[in-house]
Amino acid sequence: MKTQEEIIKKLGSVWEKYGMRRVYFNDLPRWFGLDVARYGTGNISSARLNGRTISNSEAKRIMFRLLETKIWYDLNDGKFRGQGDPEAFQIIVERIKQAVAEAEQAA
């Protein structure tokens, strides 16, 4: 049976330095529930938030909010930490916790 820490390590990228041990989470738009399709130029062609169609400009606003957001799990104290948008932090951490619970049940 996998431990919560092992599952969290698989969901993110482990970083260790100067006695700090963290798991950073990438692809925050996906964790936030944002799905974006792009043209070959890189511009957004369509966007959905939690399965609901949203405007391209709304998708850009969300992505801009998430650019300055960092979320990590501190392996030393067992807590989620972050910086940036507090609302995004709360939503993403809840989704990560849900993914961990689902993985624990599947194991």
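Quick one: with all protein chains in place, what share of the accessible area of the stretch 1-83 is carbon or sulfur, to the nearest percent (1.4 Å probe)? Working shown, then result.
Values: 2660 of 5470 Å².
Percent of accessible area from carbon and sulfur atoms in the stretch 1-83: 49.
Go ahead and estimate [θ] at 222 nm for the chain from helices alone: -39,500 (n - 2.57) per DSSP H run with n ≥ 4, summed, over the residue count, rounded to 500.
Values: 4 runs with 46 residues, N = 107.
That calculation yields -13000 deg cm²/dmol at 222 nm.
What percent do you get for the relative contact order of the chain when only Cα pairs under 8 Å and 6+ apart count? Walk me through the numbers before you get to the answer.
Values: 140 pairs, mean separation 28.7, N = 107.
Contact order relative to length: 27 percent.
Based on the alpha-carbon gyration tensor of the chain and its eigenvalue square roots a ≥ b ≥ c, which shape applies: rounded if a/c is under 1.5, prolate if not and a/b is larger than b/c, or oblate?
Details: a/c = 2.35, a/b = 1.71, b/c = 1.37.
Note, shape of the chain comes out prolate.
Take the chain, connect every pair of alpha-carbon atoms lying under 10 Å apart with a spring to form a Gaussian network, then pick out the residue of ASN26, ASN56, ASN76 with the largest mean-square fluctuation.
With Cα springs under 10 Å in the chain, the top fluctuation among ASN26, ASN56, ASN76 is at ASN76.
Averaged per residue, what accessible surface does the chain expose to a 1.4 Å probe, in Å²? It would help to have the intermediate numbers written out before the result.
Values: 6980 Å² over 107 residues.
Per residue, the chain has 65 Å² of solvent-accessible surface.
The values are calculated or read from the model by the stated rules, or taken from the named source; none is laboratory data. Here the structure is a predicted model, which is why all the values come from computation and not from measurement. For accessibility, only protein heavy atoms count, side chains too; no ligands or nucleic acids. Shrake-Rupley method; radii C 1.70, N 1.55, O 1.52, S 1.80 Å.
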